[in-house]
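One structure below.
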Amino acid sequence: MFLAILQEVKMKKSTPKSILITGGAGFIGSHVVRRFVNSYPYYHTYNLDALTYAGNLENLKDVQEARNYSFVKGDIVDTDFINHLFSQTKFDGVIHLAAESHVDRSISNPLSFVRANVLGTVNLLNASLSAAKDNPSFKFYHISTDEVYGTLGDTGLFTEMTPYSPNSPYSASKASSDHFVRAYGETYDLPFVISNCSNNYGPNHFPEKLIPLFINNIINNRPLPVYGDGNYTRDWLYVKDHAEAIDLIFHKGKNGETYNIGGFNEWKNIDLTKLLCRLMDKKLNRMKGTSEKLITFVKDRPGHDLRYAIDASKINRELGWKPSVTFEEGLERTIDWYLDNQEWLDHVTSGDYTLYYQKQYQP
Ligand code: NAD
Ligand code: TYD
């Protein structure tokens, strides 16, 4: 015990690091914060989050008392607040996840996506310039999405060389913020790295995206709104595998590089929905076929991207990362988590938010 503490103090002395993670109360951010707090006791991890409808401190209750963790409530769009925060703490790195993240919301309110995702990112970049000036090891890590590449046809994969061609206001705002990060690297020599990841799933996912929404609806016997004919394809990755990739890229990624992260795990929405229905029938001891009856084909999402699929060979080759959780394991763990955490589900859905399909995509 004594030796372990001594070792920790020694490491703290040699590599004291203050890491700012934005959006840490959200889905992916909470897994990244937990990983950093638990894996790096000699870092201090700051979680900056505005606690929008998608952010929830319950996601982090297991680490909230850790002495190497602090939560800061604030809006990345608030320039004075961000500048003050950076003047108070000398951050050694920023891992930026805070964003508006739901495509359907971006279709009905694009400006809120420009605000959080573009203005918020540029604010953080400006504040990071002074942090980087006094600190040669500073880096800005932007967490982005494969949706910036637009859509694929039936074949092919997104690589890091695929040109950006965003189709939704969400992906346009993320593409824009990626470009700003790169531009700050070129123009002001800000050290940066970017990763573009496929669709995540797992515990703590706000129940408006496909997998957690459908799990919640099956539990509550509500319709499962499949957009269009359901023949749209996504590449799914378990969130803890994404958090591991983020850790690796933050520590070992090369300055100025982009890394694609994906699950090698493509599913058509309708097939995934039917799989979820079968698994949930078993878990809930319902008769085979019960949940499938909830499937309701509804009007399609406008500008709906047909297919996303990632070529993750660069991160595999250069950093040795590959997904560790199979889809079967990941879905089982996810379903079990939602069944065990129905209070969380009730709590996060009790606030002021709207299920977008109810307004936009009627059968
Ligand atoms: P999320 O919506 O679950 O969480 C976003 C978090 O950001 C919330 O805690 C919210 O309170 C916070 N936030 C939003 N606006 C803010 C603001 N103005 N100031 C401070 N905090 C604010 O999102 P997520 O699914 O965890 O995604 C996290 C990041 O990863 C996003 O940048 C997203 O674009 C990217 N990403 C997500 C996926 C995915 O499948 N979910 C895939 C690839 C990349
Ligand atoms: P989503 O989880 O919103 O992620 P993204 O749009 O960022 O890929 O949607 C995943 C896929 O599921 C997408 O093709 C849209 C579709 N979808 C439905 O068919 N019904 C729904 O209720 C939702 C939320 C999504």
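Report, in deg cm²/dmol and to the nearest 500, the calculated mean residue ellipticity at 222 nm for the chain, where each DSSP H run with n ≥ 4 adds -39500 (n - 2.57) and the sum is divided by the residue count. Please list the in-between numbers first.
Working: 14 runs with 152 residues, N = 363.
Helix-only estimate at 222 nm: -12500 deg cm²/dmol.
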Practice task
Can you tell me the relative contact order of region 230-286? Whole percent, Cα pairs under 8 Å, sequence separation 6 or more.
Solution key: 55
Handout entry: Average Cα contact separation per residue, the chain, under 8 Å, 6 or more apart, as relative contact order %
Key = 17
Completion exercise
Expressed in square angstrom to the nearest 10, the accessible area of Trp267 with a 1.4 Å probe stands at 60
Practice task
Note the angle between two axes, namely the Cα long axis of helix 2-14 and the longest principal axis of the Cα atoms of the chain, as a number of degrees from 0 to 90, rounded to the nearest 10.
Solution key: 70
Exercise for the section: Provide the per-residue ³J(HN,Hα) series for region 71-76, in order, calculated from phi with Karplus coefficients 6.51, -1.76, 1.60 and θ = phi - 60°, each as a whole number of Hz, with x at glycine and proline positions. Expected result: 9, 10, 8, x, 9, 5
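Which translational diffusion coefficient, to the nearest whole µm²/s, is obtained for region 86-190 from the Stokes-Einstein equation, given a Kirkwood hydrodynamic radius over C-alpha pairs, 37 °C and 0.692 mPa s?
On the way: Rh = 14.7 Å.
In µm²/s, the coefficient is 223.
For region 193-274, what is the charge dipole size about the Cα centre, in debye to the nearest 20, if Lys and Arg each add +1 at the Cβ and Asp and Glu each add -1 at the Cβ?
Details: 8 positive and 9 negative charges, 28 e Å.
It works out to roughly 140 debye.
Quick one: net charge around Asp336, please, counting Lys, Arg +1 and Asp, Glu -1 for every other residue with C-beta under 13 Å from its C-beta.
Details: positive: Lys282, Lys283, Arg333; negative: Glu328, Glu329, Glu332, Asp340.
So the surrounding residues net to -1.
For region 213-348, give me the percentage of DSSP beta bridges that are antiparallel, rounded to the nearest 5 percent.
Numbers: 3 of 8 bridges.
About 40 percent, rounded to the nearest 5.
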Completion exercise
Here the net charge surrounding Ala175, from other residues whose Cβ is less than 15 Å away from its Cβ (Lys, Arg +1; Asp, Glu -1), is -4
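Of the beta bridges DSSP finds with both residues in the chain, what % are antiparallel, to the nearest 5? Can you show the working numbers first?
Numbers: 4 of 42 bridges.
Percent antiparallel among DSSP bridges in the chain is about 10.
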Exercise for the section: May I ask for the equivalent-ellipsoid semi-axes of the chain, computed as the square root of five times each C-alpha gyration tensor eigenvalue and listed largest first in whole Å? Expected result: 34, 23, 20
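Would you mind telling me the share, in percent, of accessible area of the chain contributed by carbon and sulfur at probe 1.4 angstrom? Walk me through the numbers on the way to the answer.
On the way: 8420 of 16130 Å².
Its accessible area is 52 percent carbon and sulfur atoms.
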Practice task
Work through the residues other than Leu306 whose Cβ is under 14 Å from its Cβ and net out their charges, Lys, Arg +1 and Asp, Glu -1.
Solution key: -4
Exercise for the section: Using a 1.4 Å probe and ignoring any ligands, DNA or RNA, find the accessible area of Tyr338 and quote it in Å² to the nearest 10. Expected result: 0
Problem - Amide H contacts under 5 Å for Phe158, placed H, 5+ residues apart - result: Ala309, Ile310, Asp311
Fill in the blank from the handout: Computed ³J(HN,Hα) along region 163-175: with the Karplus parameters 6.51/-1.76/1.60, θ = phi - 60°, integer Hz and x for glycine or proline, the list is x, 5, 8, x, 10, 10, x, 4, 5, 5, 5, 6, 4
Handout entry: Rel. contact order, % - alpha carbon contacts under 8 angstrom, at least six apart, region 136-290
Key = 25
Exercise for the section: Name the long-range amide H neighbours of Lys139: under 5 Å, sequence gap of 5 or more, or other chain; modelled H, no Pro or chain starts. Expected result: Gly93, Val94
Fill in the blank from the handout: About its Cα centre, the chain carries a charge dipole, from +1 on Lys and Arg Cβ atoms and -1 on Asp and Glu Cβ atoms, whose size in debye to the nearest 20 is 400
Practice task
Excluding residues on the same chain fewer than 8 positions from Lys133, give the lysines whose Cα lies under 28 Å from its Cα.
Solution key: Lys10, Lys12, Lys13, Lys17, Lys73, Lys90, Lys174, Lys252, Lys254
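Could you tell me what a quarter of the Cα convex hull surface of region 158-302 works out to, in nm² with one decimal place?
Details: hull surface 40.2 nm².
Result: 10.0 nm².
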Handout entry: Phi to ³J(HN,Hα) by Karplus 6.51 cos²θ - 1.76 cosθ + 1.60 over region 264-281, Hz, x for Gly, Pro
Key = 6, 8, 8, 9, 6, 3, 5, 5, 5, 4, 5, 5, 4, 4, 5, 5, 5, 4
Practice task
Would you mind working out the accessible area per residue for the chain, using a 1.4 Å probe, and quoting it in Å²?
Solution key: 44
Handout entry: Amide H partners (placed H, <5 Å) of Gly26, local residues excluded
Key = Asn56
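Kindly provide the trypsin sites (Lys or Arg not before Pro) of region 36-109 that DSSP labels as loop, not H, G, I, E or B, and whose Cβ sees at most 14 other Cβ atoms within 10 Å. Working shown, then result.
Working: sites: Lys61, Arg67, Lys73, Lys90, Arg105; in loops: Lys61, Arg67, Lys90.
The qualifying sites are Lys61, Arg67, Lys90.
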Practice task
Based solely on C-alpha atoms, express the radius of gyration and the Dmax of region 30-161 in angstrom.
Solution key: 16.5, 51
Practice task
For region 114-148 and region 17-74, write down the distance between their C-alpha centroids in whole Å.
Solution key: 18
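The values are calculated or read from the model by the stated rules, or taken from the named source; none is laboratory data. Keep in mind it's a predicted model, so treat the numbers as computed, not measured. Don't worry about glycine lacking a Cβ; one is built from the backbone with ideal geometry, like all the others, and counts go over all protein chains shown. Keep in mind that these areas ignore ligands, DNA and RNA; they rest on the heavy atoms of the full protein, side chains included. Shrake-Rupley method; radii C 1.70, N 1.55, O 1.52, S 1.80 Å.
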